[in-house]
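To start, the structure under review is shown below, and the notes come after it.
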Amino acid sequence: MPHNGQELHPTPGEKKRVLVIVGMHRSGTSASTGALRCLGVNLGEKLYQGHQGINDKGYFEHAGIADTNDEVLATLGSSWDDPLLRPHEWWKRDDLALYVHKVKKLIRQDFAHSPLWAVKDPRVCRLLPWWLKIFASLEITPHFIFVVRSPAAVHRSLEKRDGFPREKSFLLWALHYLEAERHSRGHARTFLDFDRFLEEPVESLRRVERELDLAFPISVDQAKSGLDAFLSRDLRHHTAEQELQDTRPIPELAQDLHGELVSATMERPLNIPVMDELWTRMEMIQQGFPEVLVSHIRSSGVIRGDLQITLNRIFRSWSWVLGKPVRWGERQFGRDV
């Protein structure tokens with residue numbers, strides 16, 4: 001793949017590849033994916049805009065793909081912050097066929113002429129078997145970039161944004177990485193420590209190229225000035241220095257998992273037997289949840305999933321877009337929106 005900075009078009013027989021960005025919400029996946037765009041990786045045209053004080057520079061999530069993932073989760077009776085494991089072979093459900101068609105249409109529409117593109121949405125971590133079926137049907141080879149940030153730092157961000165308690169943040173963090181790791185085995189993978197990535201972006205991205213055996217459309221050297229301008233220190237809102245060890249089952253599981261993933265960011269092979277043992281610990285934790293709690297979470301997930309879909313549709317509607325100047329004027333003159 002040439003380093004010429006021009007739009008690339010697959011030649012007949014050329015392998016189509018997608019970079020799948022793996023990471024929990026608030027784990028640095030937005031900054032990492034924004035860096036990929038500096039390197040010419042296609043993310044699609046309609047991306048979610050950032051929010052002031054949260055993701056000022058953008059989420060770099062394809063709006064159509066993220067919305068469809070929300071719809072899939074709602075169909076499963078779930079939502080983005082569902083802390084439960086999925087039922088066995090959930091991805092084979094017939095009622096997901098509609099969303100398979102929608103995703104395939106989006107991919108053909110936005111990425112048909114891209115031999116290398118990327119999808120970033122933390123929901124993919126928990127929907128990965130379903131996505132792998134779609135990639136296989138379109139003859140697209142996935143390559144995985146795991147962006148690793150400590151569960152404690154992620155919790156502080158989720159606590160500020162969503163008011164999540166510590167154990168919920170840690171449980172969600174572990175679920176995202178455990179499920180993504182388990183289902184991505186056998187595919188090309190690389191692991192990035194987010195804090196080190198911000199300190200050494202050029203070296204980190206060169207390692208991505210090397211470990212995934214690919215070349216970015218724009219070389220890392222060519223993109224260096226753009227990367228330096230984009231990857232500023234203010235992208236790191238929370239750190240986890242001097243984090244105290246927590247021996248409760250959920251935080252301890254997340255901390256042990258973080259240790260294994262950090263080892264992989266140092267170019268050491270991931271210890272699969274240890275990962276299997278961590279997965280078993282997650283299953284045991286889930287089996288200990290009271291049935292009444294599980295039932296409540298599932299019913300709440302349906303309600304929250306449907307609400308998220310409704311909000312997505314409102315924000316994408318023409319009436320919402322056309323009403324922005326009116327709402328801005330009302331705010332300026334002190335009226336309620």
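The values are calculated or read from the model by the stated rules, or taken from the named source; none is laboratory data. Note that this is a predicted model, so its numbers are computed, not measured. No Cβ is skipped: glycine too gets one built from the backbone with ideal geometry, and neighbour counts run over all protein chains shown. For accessibility, only protein heavy atoms count, side chains too; no ligands or nucleic acids. Shrake-Rupley method; radii C 1.70, N 1.55, O 1.52, S 1.80 Å.
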What about residue 218, is it aliphatic (A, V, I, L, M), surrounded by fewer than 23 Cβ atoms within 10 Å (Cβ to Cβ) and in contact with a Gly (Cβ under 8 Å, 6 or more places away or on another chain)?
-> yes
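Based on what the data block shows, is residue 239 among the hydroxyl-bearing types (Ser, Thr, Tyr) and at pLDDT below 90? Don't jump to the end; show me each part of the working.
On the way: among the hydroxyl-bearing types (Ser, Thr, Tyr): yes; at pLDDT below 90: yes.
Spelling it out, residue 239 is indeed among the hydroxyl-bearing types (Ser, Thr, Tyr) and at pLDDT below 90.
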Is region 251-262 home to any residue that is touching a Leu at 6+ places or on another chain (Cβ under 9 Å), within 30 Å of residue 196 (Cβ to Cβ) and acidic (Asp, Glu)?
-> yes
Checked region 1-29 for anything open to solvent by 30 Å² or more (accessible area, probe 1.4 Å), among the small types (Gly, Ala, Ser) and either closer than 18 Å to residue 144 by Cα or at pLDDT below 55 (or both); matches are 5
Could you please find all residues in region 30-77 being part of a loop (DSSP other than H, G, I, E, B) and at pLDDT 90 or above?
-> 39, 40, 41, 43, 44, 61, 76
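Restricting the search to region 191-200, which residues are among the aromatic types (Phe, Trp, Tyr) and assigned to a helix (DSSP H, G or I)?
So the first thing to find is which residues in region 191-200 are among the aromatic types (Phe, Trp, Tyr), and the list is 191, 194, 197.
Those that are among the aromatic types (Phe, Trp, Tyr) and assigned to a helix (DSSP H, G or I): 194, 197.
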Since residue 84 meets every condition but one in (1) assigned to a helix (DSSP H, G or I); (2) under 23 Å from residue 301 (Cα atoms), which condition does it not meet?
-> (1)
Here are some conditions: (1) open to solvent by 10 Å² or more (accessible area, probe 1.4 Å); (2) touching a helix residue (DSSP H, G or I) at 6+ places or on another chain (Cβ under 6 Å); (3) under 17 Å from residue 135 (Cβ atoms); (4) not hydroxyl-bearing (Ser, Thr, Tyr). Residue 83 meets all but one. Which one does it not meet?
-> (3)
